[in-house]
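Read the structure below first, then the notes.
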Amino acid sequence: MTARRTPVRHRVSPHRYPHSQASERFAGRGNPRVGLPPPEQVEQATDLAVRNGFHNVSFREGYIEDLPFEDAPFDVVISNGVINLSAEKARVFEEARRVLRPGGQIVLADIVSDRQLPESVKADADLWAACIGGAEQVDSYTSLVEAAGFEVQEVTENTRYEFVSDRAANACQKYGVKSISVRASTSST
Ligand SMILES: C[S@@+](CC[C@H](N)C(=O)[O-])C[C@H]1O[C@@H](n2cnc3c(N)ncnc32)[C@H](O)[C@@H]1O
């Protein structure tokens, strides 16, 4: 493998993301990385990368359910706090799998729940936007990762993750909403 092309995402949220540092490490100087920031931030992200000498980093417009890449150009896909916001998580993991070379890895941090969320929480737009309403039950989440063709290697809880509003904190306590990191690989053949 000559190029390690890694989609990265940018921090844009008021929440605290302990794993944003992982994105920053991945975006270090070296092999090519491609990020998918929100469309309105592509120009700014590109400008920042150029001004700071990250010539290996570029940015594209696109959505995680329909990645703007051909099949299998990447070694690693990383994502931080984004997949919970998608209503099509199975499709997101299938797309991540599609753009990875054999033996590639997905490394992500995301919000999940211990218990299945009730419809009243899932249908609440404010809680969805707060990264709570879209939290998949954790076993169901890892099953979706596996169903897309990954072998889950590691699941760890990010105990330092904090939700900022009282409403969000209450929902977290009631349903066990929490941040986890997941590392999973595709088969090498
Ligand atoms: C909570 S923030 C993630 C935080 C950020 N990744 C970080 O490390 O600090 C969620 C981000 O996901 C993006 N997003 C939401 N749904 C998306 C989708 N379907 N495809 C691509 N990006 C999406 C939003 O624009 C927003 O930038």
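Under 15 Å Cα-Cα from residue 122, which aspartates and glutamates qualify once same-chain neighbours fewer than 8 residues away are excluded?
Answer for residue 122, where 15 Å is the Cα cut-off: 88, 114, 136, listed by chain and number.
Where does segment 20-185 land on Rg/Rh, using Cα atoms and the Kirkwood Rh?
Reported Rg/Rh (Cα atoms, Kirkwood Rh): 0.97.
Order by neighbour count: 74, 54, fewest other Cβ atoms within 10 Å first, most last.
54, 74
Considering only DSSP states other than H, G, I, E and B, which GluC sites (Glu not before Pro) in segment 39-126 qualify as loop sites with at most 12 other Cβ atoms within 10 Å? List each step's numbers first, then the result.
Working: sites: 40, 43, 61, 65, 70, 88, 94, 95, 119; in loops: 61, 65, 70, 88.
For GluC sites (Glu not before Pro) across segment 39-126 that sit outside H, G, I, E and B with at most 12 neighbouring Cβ atoms in 10 Å, the list reads 61, 70.
log₁₀ I(q)/I(0) of segment 145-186 at q = 0.14, 0.16, 0.28 Å⁻¹, via Debye over equal Cα point scatterers, no solvent, to two decimals?
-0.45, -0.55, -0.90
Bear in mind these aren't lab numbers, they're just calculated from the coordinates by the rules spelled out. Because the structure is a prediction, the values reported are computed rather than measured. Here the Cβ is made from the backbone with ideal geometry for all residues, glycine too, and neighbour counts use every protein chain on show.
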